[in-house]
Amino acid sequence: MDFLTILKAIILGIVEGLTEFAPVSSTGHMVIVDDMWLQSEQYLTKYVANTFKIVIQLGSILAVVIIFRNRFIDLLGLRRGGQEAVQSASEPKRKLKLTHVLVGLIPAGVFGLLFDDYIDEYLFSIKTVLVGLVIGAIFMIIADRFRPAKAKIETVDQITYKQALSVGLIQCLSLWPGFSRSGSTISGGVLLGMSHRAAADFTFIMAVPIMAGASLLSLAKNWEYFTVDSLPFFIAGFLSAFVFALISIRFFLKLINKIKLVPFAIYRIVLAAVIYIVYF
């Protein structure tokens, strides 16, 4: 495997890491790089290329686990006695439970299982991704325009089961390629009265189990494509996705309450225009 192939893996990992959890649709970006890079690489079969996409997605998921590691430790009840984080009287007592996350996952999990084959067969095309990018952008603009003047939910610990279920229902929109999981759930959370940061935190936490489960299942089905020759390609992509996901998620969480969703919506519309010009 030559240096150029490894470089392609790194660049594809960067694209995945920067876009997977931002509300800009990683699928929309991968449509471009997939045709330009993966499909043009003679070394890669269709199945190896698809397995590679799963591997780099796992790199992005690992970045979320690292960033929210203390939260996941608490959710899973793994923190040892005597090591509880010290909180001041002004800090809200943590009350986000694993059951909140599970309630949020139920709708998309059910719809995903019911329509998975249909989505794979009929919705993964450039045209459908363009529709998802534009409609998703409009939804994000609406969320910023019509959100409550003052957020009722400032932190993820204040989310109720009803709100978790409502966000989960809205997350079903992301089953349409290009709509964006984070774009739909953050927008939905904001419309329900959450701060942008609270909605983003819940989105990232909720994304880990559903994305990890789906990725690991796909990985098990494609395990045969992990050969000695392909390992450097997979490892390079995984590491670059992990590193750049770490950077992009931290940057995004610091800025989201300040810049809101409209700048990302505008970017999505521009991206849709670029894809349209390139492919049509």
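Structure summary
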| read-out | value |
| --- | --- |
| Qualifying positions in region 184-225 - out of contact with any Ser or Thr (no Cβ under 6 Å at 6 or more places or on another chain) and under 15 Å from residue 249 (Cβ atoms) | 196, 197, 199, 200, 201, 202, 204, 205, 206, 207, 208, 211 |
| Filtered residue count, region 1-25, keeping only those that are farther than 29 Å from residue 262 by Cβ and modelled with pLDDT of 70 or more | 9 |
| Check on residue 54, at pLDDT 85 or above, farther than 26 Å from residue 132 by Cα and in contact with a Leu (Cβ under 8 Å, 6 or more places away or on another chain) | no |
| All positions within region 178-202 that are assigned to a loop (DSSP other than H, G, I, E, B) and within 19 Å of residue 16 (Cβ to Cβ) | 178, 179, 180 |
| Any hit, region 146-153, residues being small (Gly, Ala, Ser), under 18 Å from residue 256 (Cα atoms) and not in a helix (DSSP H, G or I) | yes |
| Residue match in region 256-264 (condition: in contact with a helix residue (DSSP H, G or I) (Cβ under 9 Å, 6 or more places away or on another chain), in a helix (DSSP H, G or I), surrounded by 13 or more Cβ atoms within 10 Å (Cβ to Cβ) and among the charged types (D, E, K, R)) | no |
| Exclusive hit being at pLDDT 75 or above and on the phi > 0 side of the Ramachandran plot, set 77, 28 | 77 |
| Residue list for region 129-143, restricted to those being crowded, with 18+ Cβ neighbours inside 10 Å and either without any contact (Cβ under 8 Å) to a residue 60 or more places away in the chain or of a type in the set (D, E, K, R) (or both) | 139 |
| Exclusive hit being of a type in the set (Val, Ile, Thr) and without any contact (Cβ under 8 Å) to a residue 12 or more places away in the chain, set 208, 228, 243 | 228 |
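The values are calculated or read from the model by the stated rules, or taken from the named source; none is laboratory data. No experiment lies behind these values; they were computed from the predicted model shown. Using ideal geometry, Cβ is built from the backbone for each residue, glycine included, and neighbour counts are taken over all protein chains shown.
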